[in-house]
Amino acid sequence: MGNQYLLEVNELKTVFSSESGPVTAVDGVTFNVKHGEVLGLVGESGCGKSVTAESIMRLLNEKHTKYDGEINFNGRNLLSLTNEEMLGIRGNKISMIFQDAMTSLNPVYTIGDQIAETIMIHQKMKKKEAYNKAIDMLKLTGIPSPEKRIHEYPHEISGGMRQRVMIAMALSCKPSLLIADEPTTALDVTIQAQILDVINELKEELNMGVIMITHDLGVVAEVCTRVVVMYLGQVIEEADVDTLFSSPLHPYTKGLLKSIPKIDGDRNKKLHTINGVVPSLNNIPNGCRFAPRCTYATEECLNEAPLLQVIKDNQKVRCWNYRQLLKEEVQNNATTII
Amino acid sequence: MQPQLSKGKEELHTTPLLEVNQLQKYFPIQSPFGRTKGYVKAVENIEFNLYQKKTLGIVGESGCGKSTTGRTMLRLTEPTNGTAMYKGKDIFKLKGKELKSIRREMQMVFQDPHSSLNPKKRIGAIIEEPMEIHRIGSKSERMDRAMDLLKKTGIREDQYFRFPHEFSGGQRQRIGIARALAVNPSIIVLDEPVSALDVSIQSQVINLLEEIQDEFNLAYLFISHDLSVVRHIADEIGVMYLGNMVEITTTDELFTNTLHPYTKALLSAIPIPDRSIKKERIIIKGDIPSPISPPSGCVFHTRCPYAIEECQSVKPELKEKNTGHQVACHLYH
């Protein structure tokens, strides 16, 4: 059992101290990542998806942050490690790529210096070996003439190239887990397609687990195998990717999927909308957090918070009324069959 | 797919409200001593027509010149060359009073709702400012209209005295739209109006834009990089690449009968949030070349999978292939 999962996040809670009191950005998040799978972490801004990733990497300023729960990686709880112990894991066993490659790369060092630095620190290689490894990594991510590129500075290359450099750097120590935080959001669609392909290929080649954080459900459909949907610091639904797109059971997931303009949808129809806006973390609703915006909400939803419950293999949902959604799904399918 | 009866199929051959021809914009690159070293050729040669109550979508990747095109319409940047005929006058030649009166009829909504509203002003004053500038109505009339617009765009009237920071991104975008409507324009240039918004908010704003288009008889120039959004809202779509319009036609025609190789690649690259649709992806190699020294011949030939010898030397013209479907590609002419 212990070896089945690469990463087990168990009831993770991340609390920031702020002037107006503690703010719980992540509130009891639980999920697992297996070897060789791409787990999508989806949600709108402020839902806590990036904070979850940063908690796994322990990147947050720990003066102002309190953690609770467990993050088990290779049989060790990352939250109980010292900073020195984390240094051996960060960038080595677990790597991360960020949204904005321009600000994540150091502008005063060449690309080669930056990739080789990671390799020299973690793999104890000599400078020359490390540079050769850097060239190999750049080649792997599909950068043309990498021997020349390693002497260039980040400002000399395009956005898509920079993201490839970030990927090369993240993968240079062959991590077993890669966290990609909106890796293609800042890129154009044609470049996005290239980068997603690179991630997909390398995942198979290196058999690593990937956590893909994104707000773009199109990207999810394209690369993820399993999806965790977050809303206001909580997981509200988890399912494998086909189930999530064919029969979502949380009203929020369903609403999100319906409100995206489809490339083959009816253009005369109005777009579906979810009422209202995401509430502030200082002002979390009682009961179900989504209830004030939910069309299915009942008295129960407003007063009592539902738990994340297992519905069927590989689908979990946090909703009192999922049976009704399930019923609608069955009816819809029946009409399409007829 | 089922045949669709949609807004794109209506006849578009009325007189255009705005007629843009041979639009060109070069930004000079200056050395530290002020000598011009070269030019960024942001917009090379663009032409399009905008019709009353219709939406023209302009799509393309970053750096293709779509925003520059939008900004020159309001003379926020001065075009290098070209004409834009509106009500018998060339917008690019107007000065002083005449320019001011034209600007009253054209308004703009910007991408970033956080930086396009003055943080020191109350939202009521923000919406009234364009009316003050154009001397419309008395003070109380302006206030009434601002209240009215707030209500129409889905903001409560009692929030009139609030500041922009008290609103969320989606609400701020609504305030930006209310401000654009204040002077009763006939054309609104929308530069990526929903790109900065979350999915659930994005659909609310798109619906609002469609409602007010009918109510205020507006023509939209809708600039976006998101093809699914543009497809939903636009009647006609122009695809831009490196300062050139490569294909322009009605929305349905563009999606059912895609001609230009770049448009094809762009369409195939969009990730679709539906697992039941399987599609073949055309991945185009490389990056967009620099607009400082664009490729010779067809600007797309360096990345085009179908490029022939002619493409390297001869620049294809934007010509009609089918009725109402113009494309700039040697494969079709």
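Do me a favour and compute the ellipsoid semi-axes for the range A:251-337 from its Cα gyration tensor, root of five times each eigenvalue, largest one first, whole Å.
One finds semi-axes of 25, 19, 11 Å for the range A:251-337.
Using all C-alpha to C-alpha distances in chain A, build P(r) with 10 Å bins and read off the rounded percent in each one.
Spelled out per bin, shortest first, that is 5, 23, 31, 24, 12, 4, 0.
Counting Lys +1, Arg +1, Asp -1, Glu -1, what net charge surrounds B:E320 among other residues with beta carbon under 13 Å of its beta carbon?
For residues surrounding B:E320, the net value is -2.
So in chain A, what percent of DSSP beta bridges are antiparallel if you round to the nearest 5?
So the antiparallel bridges amount to about 65 percent of the total.
Hey, got the average number of other protein chain Cβ atoms within 10 angstrom for residues in B:231-238?
3
Would you calculate the separation in nanometres between label points at A:D266 and B:K87, each defined as 7 Å from the Cα along the Cα-to-beta-carbon direction?
Distance between the two pseudo-spin positions: 3.9 nm.
Below 8 Å between Cα atoms, with a sequence gap of 6+, how large is the relative contact order for the range B:243-333 in percent?
33
Based on alpha-carbon centroids, what's the gap between the range A:168-229 and the range A:1-61 in Å, whole number please?
Between the Cα centres of the range A:168-229 and the range A:1-61 lies a distance of 17 Å.
How many percent of the accessible area of the protein assembly as shown is carbon or sulfur, using a 1.4 Å probe?
49
Using a Cα-Cα cut-off of under 19 Å, which aspartates and glutamates could be cross-linked to A:K316, ignoring same-chain neighbours fewer than 8 residues away?
A:E8, A:E11, A:D27, A:E37, A:E237, A:E238, A:D240, A:D242, A:E304, A:E328, A:E329
What's the ranking of A:263-272, A:179-188 by average number of surrounding C-beta atoms within 10 Å, highest first?
Highest-to-lowest ranking by the protection proxy: A:179-188, A:263-272.
If contacts are Cα pairs under 8 angstrom and at least 6 residues apart, what is the relative contact order of chain A in percent?
19
Relative to the longest principal axis of chain A, what angle (0 to 90°, nearest 10) does the C-alpha long axis of helix A:322-337 take?
Roughly 90 degrees, rounded to the nearest 10.
Within 10 Å of each Cβ in peptide B:204-211, how many partner chain Cβ atoms are there on average? Round it to a whole number, please.
The per-residue average across the peptide is 3.
Cα centroids of the range B:84-163 and the range A:100-151: how far apart, whole angstrom?
Going from one Cα centre to the other spans 51 Å.
Compute the Cα gyration tensor for the range B:148-212, then decide on rounded, prolate or oblate, letting a ≥ b ≥ c be the square roots of its eigenvalues: rounded whenever a/c is under 1.5, prolate when a/b is larger than b/c in the other cases, and oblate in all that remain.
Taking the square roots of the gyration eigenvalues as a ≥ b ≥ c, the range B:148-212 is oblate.
Lysines near A:K128 by alpha-carbon distance under 22 Å, same-chain residues fewer than 8 away left out - which ones?
Hits, sequence-local ones excluded: A:K139, A:K148, A:K174.
Over chain B, what is the mean sequence separation of C-alpha contacts under 8 Å (at least six apart), divided by residue count, expressed as relative contact order in percent?
The normalised contact order for chain B reaches 20 percent.
Calculated from DSSP H runs of 4 or more alone, at -39500 (n - 2.57) each and per residue, what is the 222 nm mean residue ellipticity of chain B, nearest 500?
Calculated from helices alone, the mean residue ellipticity at 222 nm is -9000 deg cm²/dmol.
Under 20 Å Cα to Cα from A:K262, which lysines show up? Leave out anything in the same chain fewer than 8 places away.
Candidates past the 8-residue exclusion: A:K254, A:K270, B:K7, B:K9, B:K264, B:K278, B:K279.
Counting only helical runs of four or more DSSP H residues, what would the 222 nm mean residue ellipticity of chain A come to if each run contributes -39,500 (n - 2.57) and the total is spread over all its residues?
Helices in chain A give a 222 nm mean residue ellipticity of -10500 deg cm²/dmol.
The values are calculated or read from the model by the stated rules, or taken from the named source; none is laboratory data. Remember, predicted model here, so these are calculated numbers, not experimental data. Note that we place each Cβ from the backbone using ideal geometry, even for glycine, and neighbour counts take in every protein chain shown. Only protein heavy atoms, including side chains, enter the accessible area calculation; ligands, DNA and RNA are left aside. Shrake-Rupley method; radii C 1.70, N 1.55, O 1.52, S 1.80 Å.
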